[in-house]
Every structure is written in structure tokens, then in C-alpha cells.
Amino acid sequence: VPESVLTPAILEEIARLERADIMVGIPSFKNAATIGYVVRAAQAGLVQYFPDLRPVVVNSDAGSPDGTQRVVVETEPPEYIERILLIRPTNKLSRVSLTYPELDGVGGKGAALRTIFEIAAALEVQALVVVDSDLRSIVPEWIELLAGPILKGGYDFVAPLYARHKHDGTITNTVTYPLTRALYGLRIRQPIGGDFGVSGDLVRQYLHAPGWTDEVSKFGIDIWMTTQAVTAGFAVCQTRLGAKVHDPKDPGADLGPMFRQVVTTILRQAVAGADRWRPVHGSHDIPAYGFERHIDPPPLEVNVLRLLSEFHAGSLTMAETWRAMLAPATVELVLQLAAEAGTVADHVREHLQMDLPGATTPSTAAMADAAAGFDFPDDTWVRVIYDLVIVARDVPDRLDAFVAALVPIYFGRVASFVVENRDLTTERAEDQVERQAREFERLKPYLLDRWDAPADRPMAAAAAGPGPQ
Ligand SMILES: Nc1nc2c(ncn2[C@@H]2O[C@H](COP(=O)(O)OP(=O)(O)OP(=O)(O)O)[C@@H](O)[C@H]2O)c(=O)[nH]1
Ligand SMILES: [Mg+2]
């Protein structure tokens with residue numbers, strides 16, 4: 001548990017605010033372009049839906065050089081919201097923007113949220129809502145949808161449910177959703193969505209829970225919060241928010257570090273929480289709150305060629321690490337797939353004449369068409385992830401290196417998903433995510449067998465010798 005080192009400025013704010021019933025926390029890092037809208041939506045939600053509570057909005061910023069905090073401070077005050085919504089709330093809404101302190105020298109989204117937790121606990125709020133500062137699709141109702149289940153329904157943790165484009169949310173679709181579901185038996189569709197509702201009780205639990213690592217101080221925070229809520233036995237539900245529109249990210253270009261932080265965290269928690277998941281068979285739905293909506297999220301471009309090339313390149317530089325972290329049978333399958341990815345990448349490059357001078361990156365659809373036939377099977381991917389759970393327990397000191405070596409394999413898996421889903425609607429692509437999630441459940445005995453096998457032949461030791469041909 002990191003030492004809480006709230007700065008004098010933060011302690012002063014806490015003393016000034018004294019108490020609050022409901023808080024919206026907004027972590028930020030260079031979000032000057034989008035955070036003003038998020039702050040106004042949060043204020044409007046608090047004023048409109050909870051006029052009788054004592055509300056506060058807290059922005060926890062990394063010290064962004066782009067003026068993020070200035071935007072928050074200069075955004076229209078609560079009076080503006082009261083005027084445009086014709087509401088006279090009982091209590092005046094307070095708004096704070098502060099720079100969060102690093103935790104053990106580490107900054108990031110999780111460190112920002114820890115400061116938010118500290119403030120929420122100090123103010124003794126009943127409900128904390130956290131939302132990302134790059135959101136375009138947030139509306140005031142989101143505050144009600146995220147806090148309502150806590151204040152009115154007795155839940156402790158509210159995960160978001162939104163329509164995301166079929167190529168968005170790849171870490172969620174390939175790892176966090178199916179693994180959380182298969183391990184703990186709960187179908188939480190967006191365990192790292194970034195927009196959550198948390199009860200005061202759960203906030204206190206977060207502050208005292210062990211296992212807050214450097215990764216949790218960064219993008220490991222979302223899965224950590226979700227898993228912590230589940231394994232500590234808190235009441236969990238989902239809420240229907242419509243579409244998630246935010247700053248787009250291409251999985252091949254932007255998501256490597258985030259993948260490592262999220263996956264390292266979920267694996268460490270799986271090791272720590274084995275007693276929770278070992279007896280779980282199958283899975284079940286969890287309650288969903290809010291009216292269902294049908295919205296088409298905007299498309300997201302993915303560089304399929306880059307994903308395939310990185311997968312293949314990984315096999316050239318990381319095969320030894322793959323052998324140390326995967327079961328021998330899994331390694332062989334993955335190496336074959338990586339070789340195929342190399343061949344398919346060459347074909348895509350030639351077919352789309354991408355080596356010609358002045359060539360621009362073709363569309364996702366064109367690249368996916370040219371890569372048609374590339375198929376990274378569900379069951380191979382599931383075994384890869386389950387093998388990682390085993391080494392997370394057996395060789396914890398090398399987990400960072402193993403998860404780094406998992407990134408190119410993940411790229412291969414994502415490339416296969418994009419290729420497979422190229423002609424499907426976002427709705428039909430959802431069926432593929434479900435199919436894979438069922439495969440995680442079906443193969444759970446594989447995980448249990450390996451987990452319970454006598455540890456006389458740890459994978460890493462076996463792989464130190466000559467690998468299989
Ligand atoms: N304070 C702080 N906030 C950060 C940092 N990095 C990211 N954030 C915030 O975390 C939130 C999510 O970051 P994004 O970069 O949008 O991540 P994402 O890929 O959209 O993640 P998901 O929404 O979970 O898919 C945003 O509000 C960011 O401003 C950081 O270093 N410090
Ligand atoms: Mg985002």
C-alpha cells in the first residue's frame with residue numbers, strides 16, 4: 001500500500017470542502033481540448049439529478065503543460081448550469097482542479113485516481129463517479145447512470161456498458177473481459193472502460209487493499225478496481241451509457257504500454273485471487289441499469305499490416321522468451337502463426353503496393369481484405385493467456401519481460417480479429433467476442449490442470465534447455 005502523500009494544497013482543499021455526498025473525479029493528462037466539456041457535463045449531471053446532495057467535482061491532473069487545469073478553472077461555473085437548466089440546488093457545487101502527487105515516483109492515471117480516492121474518503125462521500133477527460137459522448141445523464149445504482153440500488157461498483165466500434169477496446173475484448181468472466185464468473189463487459197461508479201465503502205477498501213503496484217499507478221488502475229471489487233465480494237452491476245466516443249487509438253501504434261500495464265495487473269491479481277476463481281464454473285450475467293440504446297459508434301482505423309509485421313518480428317527476437325513463458329505445445333502453434341503473419345504481411349504490402357514511393361497507409365478494410373485467411377484461433381489465444389497466469393505465479397520476477405513478449409502475440413490476435421470481422425457489423429462482431437469468451441470458459445480445466453500440477457518442472461526451467469524442434 002503506497003504511503004499517502006497528499007500535498008499541502010490538496011489537504012487545504014479537503015479542509016475547505018469539509019464534506020460531500022457525491023463526487024465526480026476526472027483524471028487528466030494533456031486533455032485541454034476535451035476536458036471543458038466533460039467538466040460541464042459532470043456539473044450538469046450533479047445539479048440536475050442530485051440537487052439535494054452536496055456535490056463536488058475534482059480534477060486530478062498530472063501537471064499537464066497544455067493548460068488542462070486552466071481550462072477546468074475557467075470552464076463555466078455551476079451557476080451557468082443552474083441558469084441553463086433552471087434548477088436551484090440545495091447545496092452549491094464545488095469544483096477543484098489540482099496536481100496529484102506521484103506514488104513512489106510513479107505518475108499516471110492510477111496515481112491520479114488514488115488522489116481522487118483519498119479526497120473522496122476524506123470528504124466521506126457516499127458515491128464517487130470517475131470519468132475520463134477525453135470523452136466526447138458523455139452527457140449529464142451519465143452521472144445519474146453511474147451514481148444511481150450506488151445511491152438508490154445498494155451497489156458498490158458500477159461498470160460501464162457502451163457500444164464501442166468493433167475495432168475499439170481490443171485489450172478489453174481479447175483479455176480483460178473474457179479472462180475476468182472465466183476466472184470469477186461475472187460477465188462484466190467493460191472491466192476497463194474507464195468510467196465507473198464506486199461506493200464510499202469500496203473507496204476505503206481501495207485505499208487499504210494490498211497489491212498497489214507501479215502498473216496500478218498507471219493504466220493498470222481500471223482492471224485493478226474492477227477485480228478488487230469482485231474478489232473482495234462487493235456488489236457489482238453495469239450501466240448502459242450509449243456510445244463511448246473518445247480520442248481514438250490504433251492498437252498497434254498506441255496500446256503497447258497500456259497493454260503491459262493492464263495485463264501485468266490482471267495476472268498478478270489472478271495469482272493473488274486464486275482461491276476466488278478456482279471453484280468457479282461457467283459465468284453469469286450481472287444486473288444492468290439504465291435504458292438500452294442503439295447507437296452506432298464512429299469507426300476506428302487499425303493498421304493491420306503493422307500488427308501482422310510486429311507479430312512476425314516478435315518471433316524473430318522473442319522466441320526464447322516465448323519458450324520460457326508458454327507451454328511447449330502453445331509455443332509451436334504461436335511460432336507457426338507468426339510465420340504465417342510474416343507471409344501475409346508481405347502479401348499485403350505487395351498487393352497494396354505499399355513499398356512504392358509516396359504510398360500512403362491504405363484503409364483498414366483494404367488491408368483486412370488483403371490479409372483475408374489469416375486466422376489466429378480462439379483456443380490458441382486462450383492457452384497463451386492461461387499459460388501466462390501460470391508463469392505469473394511460478395516466475396513472478398520475470399513477469400514484466402513475459403508480458404512485454406506477449407505484446408506481439410496480442411498484435412497477431414488483434415490482426416486476426418480485424419480480418420475476421422472485416423465484413424461484420426459492430427453488432428455481429430460482438431458474437432465473435434462472445435464466442436471467444438465461451439472458449440475461455442470451456443478451456444478453464446486447462447488452466448486448473450496446470451495450476452494444480454506439481455511444480456516439479458516449472459516452465460522456465462524446462463525452457464532453459466534446448467527447445468522442441
Ligand atoms: N492524471 C493522469 N491522467 C492520465 C494519465 N494518462 C492518462 N490519463 C487519463 O486517463 C484517462 C484515460 O486515458 P486515455 O489515454 O483516454 O486511455 P484510453 O485508451 O481511452 O483508455 P480506455 O478509455 O480505458 O480505453 C484520461 O482521462 C486521461 O486523461 C496520466 O499520466 N496522468
Ligand atoms: Mg480514452
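Before moving on, here are some points about what is shown:
- Restricted to segment 238-276, and to residues there that are open to solvent by 40 Å² or more (accessible area, probe 1.4 Å) and of a type in the set (D, E, K, R), the residue that is nearest to Pro191 (Cα to Cα) is Arg240.
- Filter pass, Leu6 being open to solvent by 10 Å² or more (accessible area, probe 1.4 Å) and more than 27 Å from Phe219 (Cβ to Cβ): no
- Against the criterion of being more than 16 Å from ligand 2 (Cβ to nearest atom), modelled with pLDDT of 95 or more and surrounded by 19 or more Cβ atoms within 10 Å (Cβ to Cβ), Val139 does not qualify.
- Out of Val57, Val39, sole residue that is modelled with pLDDT of 95 or more and outside any helix (DSSP H, G or I): Val57
- Looking across segment 127-136, just one residue is over 24 Å from Thr7 (Cα atoms) and either open to solvent by 30 Å² or more (accessible area, probe 1.4 Å) or more than 16 Å from ligand 1 (Cβ to nearest atom) (or both), and that is Arg136.
- Candidate set: segment 150-202, residues that are among the acidic types (Asp, Glu) and surrounded by 22 or more Cβ atoms within 10 Å (Cβ to Cβ); chosen: the one farthest from ligand 2 (Cβ to nearest atom): Asp156
- Residues (farther than 23 Å from Leu161 by Cβ and in contact (Cβ under 8 Å) with a residue 12 or more places away in the chain) located in segment 278-288: Arg278, His281
- When segment 433-469 is filtered for residues that are farther than 17 Å from Leu388 by Cβ, at pLDDT 95 or above, touching a helix residue (DSSP H, G or I) at 6+ places or on another chain (Cβ under 6 Å) and not aliphatic (A, V, I, L, M), only Glu441 remains.
- Counting the residues of segment 352-369 that are open to solvent by 70 Å² or more (accessible area, probe 1.4 Å) and either under 28 Å from the mean Cα position of the chain (by Cα) or more than 27 Å from Thr426 (Cα to Cα) (or both) gives 6.
- Candidate set from segment 111-124 (those that are hydrophobic (A, V, I, L, M, F, W, C) and open to solvent by 10 Å² or more (accessible area, probe 1.4 Å)); member that is farthest from ligand 2 (Cβ to nearest atom): Ala122
- Qualifying residue in segment 11-23 (condition: open to solvent by less than 10 Å² (accessible area, probe 1.4 Å), assigned to a helix (DSSP H, G or I) and at pLDDT 95 or above): no
- Enumeration of residues in segment 60-105 that are more than 30 Å from Pro2 (Cα to Cα), among the polar types (S, T, N, Q) and surrounded by fewer than 19 Cβ atoms within 10 Å (Cβ to Cβ): Thr90, Asn91
- Positions within segment 321-343 being open to solvent by less than 30 Å² (accessible area, probe 1.4 Å) and either hydrophobic (A, V, I, L, M, F, W, C) or over 15 Å from Gly373 (Cα atoms) (or both), in sequence order: Trp322, Ala324, Met325, Leu326, Ala327, Thr330, Val331, Val334, Leu337, Ala338, Ala341
The values are calculated or read from the model by the stated rules, or taken from the named source; none is laboratory data. Everything numeric in this text was worked out from a predicted model, so none of it was measured. Neighbour counts are summed over all protein chains in view; Cβ atoms, including those assigned to glycine, are modelled from backbone coordinates with ideal geometry. Accessible surface areas use protein heavy atoms only, side chains included; no ligands, DNA or RNA. Shrake-Rupley method; radii C 1.70, N 1.55, O 1.52, S 1.80 Å.
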